[in-house]
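The structure appears right after this line, and notes come after that.
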Amino acid sequence: MKRFIAFLLMGCLGTFAWAGEQKKDVTERLQMATDVLSQMASAPDKGIPEEVLDSAKCIAVVPNLVKGGFILGGKHGRGVATCRTAEGWSAPAFISVGGGSAGLQIGVEGVDLIMLIMNDKGMQQLLSSKFQISGEGSAAAGPVGRHASAGTDWKMDTEMLTYSRSKGVFAGLTLEGAVVQQDSDSTISVYGRDVSFKSVLQGKVATPDVAKAFMKAVADTAHKAKVEEALEDKK
């Protein structure tokens, strides 16, 4: 009996230690995602056009997406997403991005990834908790600069625009073949249970304290884009 109790205690301690490490990892990831948005807002000429940000229905940030490999390339990272609701932006939903691509590639590179969901079809894909980025119109490398060129077709049927940031510079990024899905471990560590992805992104779940800085960065970035676009329209 004593051995059994000791075994249970060791198991509980191990679970608490894992939960603590998971919460720390999520907190650091939220801070990195906050930094990506803040740096994007401070460098508009090298960032995402205001018109694009103002039109986005959802924003997802995956800090330090690892891509590359030897012979077979791949992408993997964990991040956070939020969508517009009638009351503002939803609480953060935690995602993972993974996928591979064939080709001769050597080396590993960490980049910050930003995904912008641009229409209702793309939003429904995100709300499904798991989808693969593939096919024409599913995703495209987004335009870069203070303003989107009139010649670009980002307002058409593209569900998602994707960007990478490396060494402070943003560029369009192709993610075809990647799978985006709910990160259940991170969800449980922050919300205390495996709350549904759809409930979070539809604004039915309150924002936890650990994510408030990230949510402020999202709101500030979106508001700045809206103001600057309005000022440009008046010129």
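The table below gives the values:
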| item | result |
| --- | --- |
| Nonlocal amide H pairs with Ala178, under 5 Å, H built at 1.01 Å | Ile133 |
| 22 Å Cα-Cα threshold exceeded, pairs from Lys121/Lys216; Lys57/Lys198; Lys24/Lys212; Lys24/Lys57; Lys23/Lys216 | Lys121/Lys216; Lys24/Lys57 |
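Only the coordinates and a few stated rules stand behind these numbers; no lab work does. As the structure is a computational prediction, the values presented were derived from the model and not from experiment.
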